[in-house]
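A short worksheet on the structure shown next.
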Amino acid sequence: MRVVSICPSNTEIVAYLDKIDLLVGVDDYSDWPQAVNDLPKVGPDLSIDMDKVAALEPDMVLASLSVPGMEKNIDELEAKQLPYIILNPNSLEEIAADIKRVGEVLGFEELGEEKGNAFLHEVESFQEKSSTTTKKPTLYWEWWPKPIFTPGEVNWLTEISALAGCENVFADEPVASVQTDWEDVKRRDPDHICMVWVGVKEEKMNPELVRKRPGWHEMKAIQQNNIHVLEESLFCRPSPRLLEGLQKLVLVIDS
């Protein structure tokens with residue numbers, strides 16, 4: 001079977017299923033595992049070159065709607081009559097369902113069930129540990145600095161926060177993504193600031209820019225030096241690697 005993934009999180013689901021050998025092409029941002037860097041690239045995930053995809057003669061294209069603007073890719077897949085499925089999870093349970101779905105689509109239904117259930121079992125083990133936590137530090141996740149975007153209640157990072165024994169300060173917003181401003185964040189006064197700017201490598205994120213925002217020097221996180229530059233690839237992609245990010249988050253918060 002010939003498979004093209006046009007979103008990094010989809011590529012990582014294929015890797016979780018140990019079926020990278022089925023991939024014949026990926027989007028430009030798919031960078032894990034290392035082996036996918038040797039595959040043909042079909043463009044950035046928001047502007048896939050569908051002619052390149054078609055030239056790879058895929059039996060299945062793994063598409064996504066996890067980022068606004070990806071709708072154009074779906075329209076072009078339809079226009080070229082290429083076989084595809086769309087993954088668009090917001091929760092860890094939905095990621096598990098997608099693992100099972102991809103396994104089924106690739107012809108490995110039993111493997112998909114096994115891997116999806118293994119993912120859920122790992123989530124449950126974190127739930128058991130976090131359920132005994134009495135003090136829950138508050139976290140502010142910064143997806144983008146200006147304008148500010150941060151995850152709301154309907155997002156995997158709110159779940160990841162809870163599994164780490166913490167609480168997302170924007171968990172009261174009943175949406176997946178919240179556009180807000182610096183004053184709102186200051187008012188919520190989180191214990192920790194987690195910088196995970198989408199598409200930006202850690203070395204290009206500067207905590208000093210956060211410290212210099214008007215009035216932010218009064219915030220607990222700034223005063224206690226709790227600003228964490230984290231790998232956006234482990235927190236911003238709805239894939240099984242979120243659990244690797246969760247393990248790192250626990251270490252960061254406890255340190």
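The values are calculated or read from the model by the stated rules, or taken from the named source; none is laboratory data. Here the structure is a predicted model, which is why all the values come from computation and not from measurement. All Cβ positions, glycine included, derive from the backbone under ideal geometry; neighbour counts span all protein chains shown.
Each residue in the range 96-109 was checked for being part of a loop (DSSP other than H, G, I, E, B) and surrounded by 15 or more Cβ atoms within 10 Å (Cβ to Cβ), and 2 pass. Only one of the numbered conditions (1) in the same structural domain as residue 12 (by TED's automatic domain parsing); (2) without any contact (Cβ under 8 Å) to a residue 40 or more places away in the chain; (3) more than 24 Å from residue 47 (Cα to Cα); (4) β-branched (Val, Ile, Thr) is violated by residue 85, and that is (3). From 238, 174, grab the single residue that is in a loop (DSSP other than H, G, I, E, B), under 23 Å from residue 13 (Cβ atoms) and either out of contact with any Ser or Thr (no Cβ under 7 Å at 6 or more places or on another chain) or not aromatic (Phe, Trp, Tyr) (or both). After applying the criteria, what remains is 238. Residue-level check: of (1) free of Cβ contacts under 8 Å to residues at least 60 places away in the same chain; (2) crowded, with 19+ Cβ neighbours inside 10 Å, residue 72 misses just (2). Among all positions in the range 141-164, there is no residue which is in contact with a His (Cβ under 8 Å, 6 or more places away or on another chain), touching a residue at least 40 places away in the same chain (Cβ under 8 Å) and assigned by TED's automatic domain parsing to the domain that holds residue 190.
When residue 126 is tested against (1) touching a Cys at 6+ places or on another chain (Cβ under 8 Å); (2) of a type outside the set (Gly, Ala, Ser); (3) modelled with pLDDT under 95; (4) crowded, with 19+ Cβ neighbours inside 10 Å, only condition (1) is not met.
Quick grid of which residues meet (1) closer than 15 Å to residue 26 by Cα; (2) at pLDDT below 95; (3) over 16 Å from the mean Cα position of the chain (by Cα):
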site: 47; (1), (2), (3): yes, yes, yes
site: 51; (1), (2), (3): yes, no, yes
site: 56; (1), (2), (3): yes, no, yes
site: 59; (1), (2), (3): yes, no, yes
site: 64; (1), (2), (3): yes, no, no
site: 67; (1), (2), (3): no, yes, no
site: 76; (1), (2), (3): no, no, yes
site: 79; (1), (2), (3): no, no, yes
site: 83; (1), (2), (3): no, no, yes
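The numbered conditions (1) out of contact with any Gly (no Cβ under 7 Å at 6 or more places or on another chain); (2) at pLDDT below 95; (3) not β-branched (Val, Ile, Thr) are all true for residue 152 except (2).
Here is a yes/no grid of residues against (1) surrounded by 21 or more Cβ atoms within 10 Å (Cβ to Cβ); (2) touching a strand residue (DSSP E or B) at 6+ places or on another chain (Cβ under 6 Å):
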site	(1), (2)
34	no, no
37	no, no
40	no, yes
43	no, no
53	yes, yes
59	no, no
76	no, no
83	no, yes
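Residue 138: over 18 Å from the mean Cα position of the chain (by Cα), surrounded by fewer than 22 Cβ atoms within 10 Å (Cβ to Cβ), at pLDDT 95 or above and not charged (D, E, K, R), yes or no? So residue 138 passes the test. Kindly indicate whether residue 190 is free of Cβ contacts under 8 Å to residues at least 40 places away in the same chain and outside any helix (DSSP H, G or I). For residue 190, the condition - free of Cβ contacts under 8 Å to residues at least 40 places away in the same chain and outside any helix (DSSP H, G or I) - is not met.
Specify the residue that is surrounded by the most Cβ atoms within 10 Å (Cβ to Cβ); the eligible residues are those in the range 206-235 that are of a type in the set (D, E, K, R) and part of a helix (DSSP H, G or I). Write out each step before concluding.
Start the filter on the range 206-235 by keeping residues that are of a type in the set (D, E, K, R), which leaves 208, 211-213, 218, 220, 231-232.
Then drop every residue that is not part of a helix (DSSP H, G or I), which leaves 208, 211, 218, 220, 232.
Working: 208: 7, 211: 15, 218: 9, 220: 14, 232: 19.
Top of the filtered list is 232.
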